[in-house]
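This report concerns only the one structure given below.
The values are calculated or read from the model by the stated rules, or taken from the named source; none is laboratory data. On a predicted model such as this, the values are computed, not experimentally measured, just so you know. In this analysis, Cβ positions are derived from the backbone assuming ideal geometry, glycine residues included, and neighbour counts consider all displayed protein chains.
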Amino acid sequence: MNLTWQEGMVIFEIVGTGLGESSEVLEVAIVDFAGIVLYHSLVKAKGRISARATEVHGIRRSMIQDAPDFLEVWKEIKTTLKDKIVLTGQEDRTLRLLQNSFSTWDKPANEANSIPEMQSVLAIYANAVGSKKIAKLESLAPDSFDHRAISRASVVRSIGQECLLQFSETIIAMVEEETSYDVGEIPTLHEAGEDIYTKEIYTESKLAKIHSESVENESLHRKIKKWWERLNQLLRNQVK
């Protein structure tokens, strides 16, 4: 599907210097929902890169000698993520890596929390399929991958796309609940048919109609963020 509301969504993935709790940021990638790389950089980390981590992602100390340091990269991250709906594989992992890097540079770790509305795609996926257990990224990847930041972002994107139909239908329901849209001209899902292709056409038609109406006093993008937050809460409540 080519849904308008995807345009503000980006995937933010990080590779670390190790596999444990004290790992620093070693590589970052920001990819939009069309798969275009918006930002990518290795990071000249202060700490050592563990041998086990190198086995997993292949990044060695020699590869980061000329890379920018974390604080330089952070400026680019904040600029690229500004006014975006940020998706990541595991929110707690992403925040931990950022916090560790801030601490390494003697900066307040809570600066990592300045990324607004960051959402964990693996948690959302688990809720969408009715599972209380969050699967590992590797188990949901369609193919094997090299664990570099761009590759991780690509896998997270593919997982998110699996949930798009459910997400978009739920967002449509929320929009209709809060607005006075006349959707009488659009067939019901039952009338449209049950095959997945027809469902996508139906869903896209409704979203196109929603986006055609002007939004007063608040940008459409900020409304989408609000609906996105509500959607995630709704999904979480389903499995409590």
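Set side by side, the residues Leu19, Leu95, Leu87 differ, and just one is in contact with a helix residue (DSSP H, G or I) (Cβ under 6 Å, 6 or more places away or on another chain), on the phi < 0 side of the Ramachandran plot and exposed (fewer than 15 other Cβ atoms within 10 Å of the Cβ), which is Leu19.
As a summary of the residue check, Asp83 satisfies the conditions (1) within 20 Å of Arg157 (Cβ to Cβ); (2) assigned to a helix (DSSP H, G or I) except for the one numbered (2).
Close contacts from region 135-155, counting a first residue that is among the β-branched types (Val, Ile, Thr) and a second that is outside any helix (DSSP H, G or I) and crowded, with 19+ Cβ neighbours inside 10 Å, with Cβ to Cβ under 8 Å and a gap of 6+ residues or different chains, come to Ile150/Glu13; Ile150/Ala29; Ile150/Val31; Val155/Gly89.
Residues in region 22-70 that are touching a residue at least 60 places away in the same chain (Cβ under 8 Å), in a helix (DSSP H, G or I) and either β-branched (Val, Ile, Thr) or not assigned by TED's automatic domain parsing to the domain that holds Lys107 (or both): Val56 alone. Quick one: is Leu98 outside any helix (DSSP H, G or I) and within 27 Å of Gln119 (Cα to Cα)? So Leu98 does not fit the description; no. Among the residues making up region 123-144, a single one is crowded, with 16+ Cβ neighbours inside 10 Å and more than 20 Å from Val86 (Cβ to Cβ): Ala141.
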